[in-house]
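Notes follow once the structure below has been shown.
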Amino acid sequence: MPEQSIDEVALEALEGALGEALAPPRRNGELVFDAPWQSRAFAMATLLQQQGHVRWNEFAARMSAGEDVDFYHRWLAALTDLLSADGVLSATEIEVRAADLAAEDNHGHTH
Amino acid sequence: MHQHEQHQPTVEDRTRALESLLAERGLISSTAIDEFLHWVESDIGPLLGARVVAHAWTDPDFKARLLHDASEAVAELGIDYPGHRLVVVESTPVVHQVVCCTLCSCYPWRLLGLPPTWYKSAAYRSRVVIDPRGVLAEFDLHLPDEIEVRVWDSTSECRYMVLPERPAGTEHLNEDELAALVTRDALVGVARVLAPTVVE
C-alpha cells in the first residue's frame, strides 16, 4: 500500500466533487477501467490531487464542461487542462511527447 | 514510393506521455502509479467483504468472533480496519438487516469499496429508515411480513456491514467460490446472495 499517500478521504472527496453525473464508472462497487491507460489516468489525477496540483472542484468543473462522450477521454483532457493552467506541464509538451511515443511504436511495429 | 506513415498520437500515447513527463519532473513516479492501482484493484472493494462473509459461512467459530467484534475478527484475515468501529449484523431466516447512513454517507469503505451513489442519495437515506420494505421492494427484494427488517444507521465512528444468509445449494462450494457469489448490494442488505444457477 502506498505510504499513506492515498486514502479514503481523497477518493470520497473526489466522488463528492464529481457528483452523481460525473462519478467514475463502477460495477458492484469496483472501479471499472476498459483499458490500462484509463486506470493510469485515474491514478495520476488522484496522486496529483494528493500533492495539491489538482483541486477536485476545478477538475469537476472541467469534467462537466468537457465535450467528449467517453468518460476517461474527458478525464485526461480535464487533467491536462488543469496542469497546463497551473503551469506544471503544457499541452504542447504532452502532444510532442505523445507524437514521439507514437512514432517509436511504429518503428517497432511487428503486427 | 515509400510513404512514411504518420500515426496520430492516440489517447494511450497521450497518457503515456503525461506519465513520462510527470516522472521526469519528479512529480509522480511510475512506481507510485503502480502501487496506487494495486491498492485500488486488490486491497479494497467488495472482494474483501465477500471474503469475510465466505469465511464466516464456512467457519462457525470465526463467525461468532465476527459478530462479537468485527474489527478484531477481520484482522485475522489480514484486513486492517483502523479509524472506526466495524460491526457486522447477521441476516437470518427471521431477520433481514439493512445498512444506511442517514446523516451523510458513512460506509464500511475498506471492505466494500466506494459507496454506490444511491446509498448517498437523500432518497435512500431518509426513506430506508421510514419504509425499509418499500425501499427494498424497489431493489426487487420482496420480504414476507413474517420477516423482521432491521435498519442500522452508520456513523463516522461505527460502520455496519451485513452478513447475508448463505443460500441453499452451496454446500459443495469452497470459500473462493462462495466469496464470488457475494455482491456489494448483499453486504448493504438491499439484495440477497443467490446460489449459482445450476449448469449441466
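No lab work stands behind these numbers, since they all come straight from the coordinates. The structure displayed is predicted, hence computed values, not measured ones. Glycine gets a Cβ as well: all are built from the backbone with ideal geometry, and neighbour counts include every protein chain shown.
The figures follow:
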item: Long-range Cα-Cα pairs in region B:1-140 (distance over 27 Å), rounded percent; result: 47
item: Rounded tilt (10° steps) of B:46-58 against the dominant C-alpha axis of chain B; result: 40
item: Inter-centroid distance (Cα atoms) of region B:71-113 relative to region B:144-175, Å; result: 10
item: The protein assembly as shown - mean residue ellipticity at 222 nm from DSSP helices (-39,500 (n - 2.57) per run, n ≥ 4, rounded to 500); result: -14500 deg cm²/dmol
item: Unit charges on C-beta of K, R, D, E only; dipole of chain B, Debye; result: 720
item: Per residue Cα convex hull volume in Å³ - calculated over the protein assembly as shown; result: 183
item: Residues A:12, B:148 arranged by fewest to most Cβ contacts within 10 Å; result: B:148, A:12
item: Estimated dipole of region B:160-200 in Debye, rounded to 20 [Cβ of Lys and Arg +1, of Asp and Glu -1, Cα centre]; result: 240
item: Contact order relative to length of chain B, as percent, for alpha carbon pairs under 8 angstrom and 6 or more apart; result: 24
item: Residue order, fewest to most surrounding Cβ atoms within 10 angstrom, among B:28, B:147, B:130; result: B:130, B:147, B:28
item: Prolate/oblate/rounded label for region B:74-159 (Cα gyration tensor, a/c 1.5); result: oblate
item: Contour minus Cα-Cα distance for residue A:51 and residue A:26 (0.36 nm per residue); result: 6.5 nm
item: Residue order, fewest to most surrounding Cβ atoms within 10 angstrom, among B:7, B:96, B:84; result: B:7, B:84, B:96
item: Linear extension gain, residue A:58 paired with residue A:100, 0.36 nm per residue minus alpha-carbon span; result: 12.1 nm
item: Given charges at beta-carbon only (K, R positive; D, E negative), |dipole| of the protein assembly as shown in Debye; result: 780
item: Orphan Cys of chain B, criterion: no other Cys C-beta under 4.7 Å; result: B:100, B:104, B:158
